[in-house]
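The structure appears below as structure tokens.
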Amino acid sequence: MAGFCAIWHHACPAVRHLPCYTAVPDLPEPPLAPLFEHLADAVYLIDPDDSRIVWGNRAAWAMLGLTPQEVIDHSVLSLQMDVTGLPQWQDIAQAIRASECFTFVGRHRHAAGHEVPVEVNTTRVTVNSKGYFLSVARDVGRRLALERELRQREHQLWFALNEASDGLWDWDIAAGTLFFSPQLKRMLGYGPDEMQPALSTWSDNIHPDDAPRVMQDLQAHLSGQRARFEAEYRLRNRNGVYLWVHDIGRVCDRDEQGRPTRAVGMVQDVTERKELQLQLEQIAVHDFLTGLANRREGMAYLEAQVALCRRLELPLALCFIDVDHFKSINDSHGHAVGDAVLRRVAHTLRDLVRREDLVCRWGGEEFLLIAPGIDALHALQLAEKVCAAVQSMPADELPAVTVSIGVAALPAHGPEPEALIAQADHALYQAKRSGRNRVLLGTGEVHH
Ligand SMILES: Nc1nc2c(ncn2[C@@H]2O[C@H](COP(=O)(O)OP(=O)(O)OP(=O)(O)O)[C@@H](O)[C@H]2O)c(=O)[nH]1
């Protein structure tokens, strides 16, 4: 081995860190040896009889992290982790002799301790009348890593399509086809072979009340006005039941003119969350006992309608309605009966008003009727109707009651909602004082 130290040295000016090869007359070298020096793949010349490496190129030493001195005259068995002994080497040598080119996939041992996955192609060459093996080893670590990554991605994709809770869609806009993932079909109650892969399969099943908004949102994204498509809407399932879904998607391909050609997205079933949200919204704006709008909702409606009617120069009327002697109902029949009476009064009021009117429970046994577009005269007539309707409620299981009503109207009784309420409240107070079961109009005076 001492002779090798002299002929393999580290002073090659072209490649500074790699040992440089110098041909030695008494050692075999493969044909075209100088050419192999410039190959990126490792090249070894191996004596088939004893598996000794007798020559290698620069890439060979680099791949192993060793110097030529550490490799030359060593058996391939010391480098190749998948060849475990001479008998196995003999079998391999036999196979190499029997074929034009023998391919072997294995692992080289790097000086730093890690493995280098290699694909080794070996062929036979004759040097100085003796047969040798010429092996070209390619580092396939990167390729294997890529293959592993690809397999991993395929697995993730399979998982996303089949197991993830979100349904996926892939819309080939140019071809006019819409792919629905197995999970999306399952979410909507369809089998794997159902659901035509067409846009109409989706769009025809959107709730008619939601469809215009959803299509507008989709169009806004396709035309580039919005960065992505996102919508919450009702989608009909196979049984005709509407699910609430959260749909989010994005254009992923455009043609040379910038027109979208493909979009992908995912759909989540949010029915439970949406129904809970709707219930909470309902609770937030409704009175629990009567189901009417609550005071906060009534006030918001009054403010909005006063602003609108003032802008359009339309009248607006308010009726403050209070059940007469309600305390005595509670006292003589109990609180539960009192509640039932309040519910019945509420239903009577609701049945009497127009769609654009709003009745809210102001508190206790007080109700507020907001009637946009109605002047004071018509409001008085409406209030009389309310009095009559309450008085004529059937007195079967529940005690009969009457109501007193104070009326105020825009513009006569003040431009602001608070002024209108104060006027109606004062008129109600007067109605109570003057005997109850009656209607009085506000005076337009300011009362403190
Ligand atoms: N059952 C029941 N009673 C209620 C409710 N809210 C308020 N009340 C009762 O309604 C009664 C209102 O009494 P008052 O304000 O004295 O008025 P009133 O007895 O109707 O007399 P006038 O308004 O002067 O005709 C009180 O006894 C309250 O306890 C409710 O949700 N359910």
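The combined condition, being assigned to a helix (DSSP H, G or I) and in contact (Cβ under 8 Å) with a residue 60 or more places away in the chain, is fulfilled by G298. Looking across region 265-293, the residues that are in contact (Cβ under 8 Å) with a residue 40 or more places away in the chain and among the polar types (S, T, N, Q) come down to Q268, T290.
When I283 is tested against (1) under 30 Å from E365 (Cα atoms); (2) surrounded by fewer than 19 Cβ atoms within 10 Å (Cβ to Cβ); (3) in contact with a Lys or Arg (Cβ under 7 Å, 6 or more places away or on another chain); (4) not aromatic (F, W, Y), exactly one condition is not met: (3). Scanning region 40-51 for residues that are touching a helix residue (DSSP H, G or I) at 6+ places or on another chain (Cβ under 9 Å) and surrounded by 15 or more Cβ atoms within 10 Å (Cβ to Cβ) turns up D41, A42, V43, Y44, L45, I46, P48, S51. So for region 69-81 (the condition being without any contact (Cβ under 8 Å) to a residue 12 or more places away in the chain and not in a helix (DSSP H, G or I)), does at least one residue qualify? No, region 69-81 contains no residue that is without any contact (Cβ under 8 Å) to a residue 12 or more places away in the chain and not in a helix (DSSP H, G or I).
The criterion of at least 2 residues that are more than 22 Å from W171 (Cβ to Cβ) is met by the following helices (runs of 4 or more DSSP H) wholly inside region 196-289: 271-285.
Table: residues versus (1) in contact with a Leu (Cβ under 6 Å, 6 or more places away or on another chain); (2) in contact (Cβ under 8 Å) with a residue 24 or more places away in the chain; (3) surrounded by 18 or more Cβ atoms within 10 Å (Cβ to Cβ).
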| residue | (1), (2), (3) |
| --- | --- |
| S99 | no, no, no |
| S135 | no, yes, yes |
| V140 | no, yes, no |
| L146 | no, no, no |
| A164 | no, no, no |
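Taking the criterion of being over 15 Å from A293 (Cα atoms) and either within 16 Å of the ligand (Cβ to nearest atom) or surrounded by fewer than 22 Cβ atoms within 10 Å (Cβ to Cβ) (or both), the residues of region 365-379 that qualify are P372, G373, D375, A376, L377, H378. For region 114-125, the condition holds for at least one residue, the condition being that it is of a type outside the set (S, T, N, Q), over 18 Å from E29 (Cβ atoms) and outside any strand (DSSP E or B).
Scanning region 102-112 for any residue that is in the same structural domain as V125 (by TED's automatic domain parsing), surrounded by 16 or more Cβ atoms within 10 Å (Cβ to Cβ) and of a type in the set (A, V, I, L, M) turns up nothing.
Among the residues of region 420-428, is there at least one that is outside any loop (DSSP other than H, G, I, E, B), in contact with a Ser or Thr (Cβ under 9 Å, 6 or more places away or on another chain) and more than 25 Å from A307 (Cβ to Cβ)? The answer is no; no qualifying residue exists.
The residue that is farthest from the chain's Cα centre (by Cα), among those in region 343-364 that are closer than 19 Å to P394 by Cα and crowded, with 21+ Cβ neighbours inside 10 Å, is V345. Here D193 meets each of (1) loosely packed, with under 13 Cβ neighbours inside 10 Å; (2) among the charged types (D, E, K, R); (3) over 21 Å from L157 (Cβ atoms) with one exception, condition (3).
L377 meets each of the listed conditions (1) more than 30 Å from I283 (Cβ to Cβ); (2) in contact (Cβ under 8 Å) with a residue 24 or more places away in the chain; (3) not small (G, A, S) apart from (2).
Put simply, of F320, F326 the only residue that is among the aromatic types (F, W, Y), touching a residue at least 12 places away in the same chain (Cβ under 8 Å) and within 25 Å of G373 (Cα to Cα) is F320.
Consider region 299-326 and keep the residues that are away from the ligand (no atom under 16 Å from the Cβ) and surrounded by 21 or more Cβ atoms within 10 Å (Cβ to Cβ). The one that is nearest to R438 (Cα to Cα) is L318.
Each residue in region 332-363 was checked for being under 22 Å from G298 (Cα atoms), within 9 Å of the ligand (Cβ to nearest atom) and among the β-branched types (V, I, T), and 1 pass. The single condition among (1) away from the ligand (no atom under 12 Å from the Cβ); (2) touching a residue at least 60 places away in the same chain (Cβ under 8 Å); (3) part of a helix (DSSP H, G or I); (4) under 25 Å from D287 (Cα atoms) that A388 does not satisfy is (2). Going through (1) basic (K, R); (2) surrounded by 19 or more Cβ atoms within 10 Å (Cβ to Cβ); (3) at pLDDT below 95 one by one, R250 falls short only on (2). Residues considered: V337, V359. Of these, the only one that is of a type in the set (A, V, I, L, M, F, W, C) and in contact with a strand residue (DSSP E or B) (Cβ under 7 Å, 6 or more places away or on another chain) is V359.
What about I329, is it within 16 Å of the ligand (Cβ to nearest atom), closer than 21 Å to R438 by Cα, buried (at least 17 other Cβ atoms within 10 Å of the Cβ) and more than 54 Å from the chain's Cα centre (by Cα)? So I329 fits the description; yes.
Residues that are crowded, with 19+ Cβ neighbours inside 10 Å and over 18 Å from Q430 (Cα atoms) within region 387-410 comprise V390, V401, L410, listed in sequence order.
The values are calculated or read from the model by the stated rules, or taken from the named source; none is laboratory data. Predicted model only: the values in this text are computed from it and were never measured. As a convention, Cβ positions derive from the backbone with ideal geometry for all residues, glycine included, and neighbour counts pool all protein chains shown.
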